[in-house]
Ligand SMILES: CC(C)(COP(=O)(O)OP(=O)(O)OC[C@H]1O[C@@H](n2cnc3c(N)ncnc32)[C@H](O)[C@@H]1OP(=O)(O)O)[C@@H](O)C(=O)NCCC(=O)NCCS
């Protein structure tokens with residue numbers, strides 16, 4: 001896979017011709033899932049703990065990821081290298097949904113998740129016509145994730161103080177949003 005990377009920009013960018021695809025997760029993705037889910041460098045900013053066994057991963061894929069209303073794996077050549085999800089609100093929160101994403105460490109900083117977020121943003125408001133707002137809450141020290149959302153055109157709304165507990169510590173987060181009407185501006 002590495003040989004497909006464009007080294008001209010310091011090895012940073014994937015080639016334009018290399019296609020990122022999104023597809024539903026399958027049980028057979030478990031080995032690839034473990035590459036990111038069992039890596040402390042990746043899970044540091046995630047709400048969930050680092051996975052320690054394949055059984056745990058299979059359980060998650062079967063009971064949470066497959067039934068999830070909108071969760072896809074990010075693929076290169078159909079091989080899962082990360083995941084992206086949109087979790088809908090219900091009741092009074094039904095106008096909004098929460099975006100989440102994660103990527104295997106070896107693929108970081110090549111523009112992959114920005115591209116995946118752009119793909120989601122361009123389709124989700126058509127798929128879910130009732131949706132008004134796609135939002136993401138990012139720990140203030142998660143520089144890479146904040147940059148992804150800025151590059152994908154999300155608006156930075158402000159800081160929510162001590163909003164969420166990550167790895168046992170209450171963290172300040174930045175709230176980002178994209179509205180269905182933002183595309184019209
Ligand atoms: C956050 C994450 C999804 C980003 O994915 P990615 O494919 O590497 O993102 P991109 O390459 O599209 O963009 C990352 C941007 O952040 C920048 N960046 C990354 N780390 C940075 C840091 N420590 N300080 C400043 N900028 C940083 C990159 O340079 C790039 O910006 P640029 O294109 O202007 O150079 C990935 O790092 C990841 O999986 N992290 C762990 C899980 C996670 O944090 N999920 C989100 C929870 S809110």
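Residues of region 172-185 being loosely packed, with under 15 Cβ neighbours inside 10 Å and in a helix (DSSP H, G or I), which ones?
Selection gives 181, 183, 184.
Check whether at least one residue in region 159-171 is within 26 Å of residue 19 (Cβ to Cβ), within 15 Å of the ligand (Cβ to nearest atom), touching a residue at least 24 places away in the same chain (Cβ under 8 Å) and assigned to a strand (DSSP E or B), and report yes or no.
No, the conditions are met nowhere in region 159-171.
Can you pull out every residue in region 138-154 that is within 7 Å of the ligand (Cβ to nearest atom) and crowded, with 17+ Cβ neighbours inside 10 Å?
138, 139, 142, 145, 148, listed by residue number.
Condition check ((1) in contact with a helix residue (DSSP H, G or I) (Cβ under 6 Å, 6 or more places away or on another chain); (2) exposed (fewer than 13 other Cβ atoms within 10 Å of the Cβ)) across all residues:
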residue: 77; (1), (2): no, yes
residue: 81; (1), (2): yes, no
residue: 91; (1), (2): no, yes
residue: 99; (1), (2): no, no
residue: 108; (1), (2): no, no
residue: 119; (1), (2): no, no
residue: 125; (1), (2): yes, no
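Could you list, in sequence order, all residues of region 80-107 that are within 9 Å of the ligand (Cβ to nearest atom) and over 16 Å from residue 34 (Cα atoms)?
Within region 80-107, 99, 100 meet the criteria.
If you go through region 113-130 one residue at a time, do you hit one that is under 16 Å from residue 40 (Cα atoms) and near the ligand (Cβ under 8 Å from one of its atoms)?
no
How many residues does region 126-158 contain that are assigned to a helix (DSSP H, G or I) and within 23 Å of residue 50 (Cα to Cα)?
Residues flagged as assigned to a helix (DSSP H, G or I) and within 23 Å of residue 50 (Cα to Cα) within region 126-158 amount to 5.
Which condition number in (1) out of contact with any helix residue (DSSP H, G or I) (no Cβ under 6 Å at 6 or more places or on another chain); (2) closer than 28 Å to residue 168 by Cβ; (3) outside any helix (DSSP H, G or I) is the one that residue 55 fails?
Single failed check for residue 55: (3).
With respect to residue 82, determine if the residue is under 10 Å from the mean Cα position of the chain (by Cα), under 16 Å from residue 153 (Cα atoms) and assigned to a strand (DSSP E or B).
Spelling it out, it is not the case that residue 82 is under 10 Å from the mean Cα position of the chain (by Cα), under 16 Å from residue 153 (Cα atoms) and assigned to a strand (DSSP E or B).
In this structure, does residue 25 turn out to be at pLDDT 70 or above, touching a helix residue (DSSP H, G or I) at 6+ places or on another chain (Cβ under 8 Å) and crowded, with 16+ Cβ neighbours inside 10 Å?
Yes.
Got a sec? Which of 31, 77 is modelled with pLDDT of 95 or more and on the phi > 0 side of the Ramachandran plot?
77
Looking only at region 58-79, how many residues end up being closer than 17 Å to residue 121 by Cα, in contact (Cβ under 8 Å) with a residue 24 or more places away in the chain and in a loop (DSSP other than H, G, I, E, B)?
The qualifying residues number 1.
The values are calculated or read from the model by the stated rules, or taken from the named source; none is laboratory data. Treat the numbers as computed from the prediction; the structure is a model and nothing was measured. Backbone-built Cβ (ideal geometry, glycine too); neighbour counts: all protein chains shown.
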